[in-house]
Amino acid sequence: METHQHPEDKYYFITDEERCKGCGLCIEFCPKDCLGFSDEINEKGWRVAKMHRMKDCIKCYMCERMCPDFAIFVNEDESAEKAET
Amino acid sequence: MAEKSKEIDKSSIIKRPPMDLKHPQETLLRKKAIPTIYCPGCGIGTTIHAFLEALTKYSKIPQDQIFVVSGIGCTGRASGYINLDGFHAIHGRAIPFASGVDIAKPSLKPIVISGDGDLFSIGLGHLAHAARRNTDMTVICINNAIYGLTGGQDAPTTPVGAKTRSTPYGKISFPFNLSHITIANGATFCARYTVYEFVQLSKAIGRAINHQGFSFIEVISNCHVNFGRRNDLGDSIAMRQMFKKARVRMKEEDIGFDLHKTDIEYEIGKGFTKIPTGVFLNEKDEPEEFSERITHAYEFKK
């Protein structure tokens with residue numbers, strides 16, 4: 001599990017290496033070209049996708065929706081939301 | 001500028017997240033079964049994800065009243081990955097099992113997730129009669145135009161000219177139009193989407209679950225390993241880009257009574273050139289479903 005935090009909006013972006021199969025759908029359909037393949041190889045021998053440029057992310061959820069293996073997900077910061085309200 | 005943005009930025013990694021981070025649909029997944037057995041980039045995973053999102057976001061039925069039934073094939077494993085009540089039925093008999101669930105316990109909502117080979121090849125008769133009786137169930141048919149699990153033989157949905165393992169010189173016979181068949185047999189809700197249109201697909205599944213009566217959703221999926229490879233359509237990314245170009249949004253008013261407008265067009269070498277998508281049929285007055293009619297008949301007899 002690799003967690004990224006957006007520098008301004010304070011939401012989290014998580015990639016799960018154990019579930020990723022390296023199909024590249026998230027990389028292809030990211031509108032801001034944030035994601036990319038990493039040099040790491042996971043347990044099953046797939047080259048996994050990782051977040052490369054978190055500051056460009058616009059939280060469109062396209063990667064989460066495109067991923068067939070539930071390996072990428074975006075989580076809101078719950079504590080920040082509570083503080084605002 | 002473009003060169004600068006291609007550098008890998010690792011400054012945003014945090015090692016200790018302040019809270020427990022998990023997938024929004026994590027509670028609906030059996031974690032032991034994941035990673036799934038599907039090939040990388042398969043559309044079945046996307047469809048399961050869309051179904052789970054529909055359950056959490058758009059469905060009005062509580063999750064303990066949902067019953068997932070799946071048939072044989074790659075899609076048959078769907079009931080194993082979803083952490084709800086479910087059953088992995090025998091080949092082609094997913095719909096009879098779901099009909100039995102609905103009649104025995106009308107409070108449950110059976111949902112059949114299965115492939116085109118299971119529902120429209122061996123199970124075609126069952127589907128026609130479930131649609132005729134208007135049994136209260138939702139059928140999600142993942143159509144990848146081939147028998148994927150058994151090695152790529154030609155299915156009843158394989159388009160004319162497509163090469164498969166059993167038709168190496170191109171298929172000769174005509175394919176089924178699945179939405180046409182179900183509407184003609186009396187379904188009350190029918191929609192078709194490709195795996196590329198995730199949000200629309202998820203909303204349509206939500207509408208189908210809330211709809212009382214026989215609802216049918218056809219999902220055009222990619223089998224890049226057995227269908228795309230033999231027909232030079234590329235990998236999963238290329239096939240999804242093809243769906244993006246080929247889809248044509250259609251409404252109920254555009255189709256009218258001429259259901260041949262929903263036919264899928266295929267060209268040899270280019271792949272799918274026209275896939276009409278959208279909600280094709282939504283009967284608003286919702287005719288009585290089968291389990292209700294049974295209870296009425298018993299009351300009448302008393």
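Values in this text are rule-based calculations from the coordinates and carry no lab data. Just so it is clear, the structure is predicted and the values come from calculations on it, not from any experiment. Here the Cβ positions follow ideal geometry from the backbone for every residue, glycine too, while neighbour counts run over all protein chains shown.
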Hypothetical label at B:K60: residues of region B:180-209 whose amide nitrogen lies under 15 Å (7 Å Cα-Cβ projection): B:206-209
Globularity index of the protein assembly as shown, i.e. its alpha-carbon radius of gyration over 2.2 N^0.38 Å: 1.03
Eligible aspartates and glutamates near B:K31 by straight Cα distance, threshold 15 Å, same-chain separation 8 or greater: A:D16, A:E17, A:E18, A:D69
For B:D85, distant residues with modelled amide H under 5 Å away: B:V68
Total lysine pairs under 28 Å (Cα atoms) in chain A, excluding pairs fewer than 8 apart on one chain: 17
Other-chain or far-sequence residues with amide H under 5 Å of B:V248's (modelled H): B:I275, B:T277
Relative contact order (%) - chain A, alpha-carbon pairs under 8 angstrom, separation at least six: 34 percent
Selected from B:R249, B:R93, B:R132 as most flexible by GNM, with chain B as the system and alpha-carbon contacts under 10 Å: B:R249
Max mean-square fluctuation residue, GNM over chain B, Cα-Cα springs under 10 Å, options B:T194, B:T36, B:T164: B:T36
Ratio of Rg to Rh over region B:42-301 (Cα coordinates, Kirkwood Rh, two decimals): 0.96
Region B:39-126: Cα Rg divided by the 2.2 N^0.38 Å rule of thumb: 1.06
Paramagnetic label zone (point 7 Å from Cα along Cα-to-C-beta, B:S11; backbone N under 18 Å) in region A:41-67: A:51-58
Anchor B:K109: lysines whose Cα lies under 20 Å away (excluding residues fewer than 8 positions away in-chain): B:K57, B:K60, B:K203, B:K284
Chain B: antiparallel DSSP beta bridges as a percent of all, rounded to 5: 25 percent
Cysteines without a disulfide-compatible partner [chain A; Cβ-Cβ under 4.7 Å]: A:C20, A:C23, A:C30, A:C34, A:C57, A:C60, A:C67
Surface/4 estimate of mean projected area, convex hull on alpha-carbon atoms of region B:1-160, nm²: 14.5 nm²
Per-residue mean of C-beta atoms belonging to partner chains within 10 Å, peptide A:58-67: 3
With at most 12 other Cβ atoms within 10 Å, longest stretch of chain B clear of loop GluC sites (Glu not before Pro) (DSSP): B:8-287
With 10 Å bins from 0: P(r) over region A:2-84, alpha-carbon pairs, percent: 19, 51, 24, 5, 0
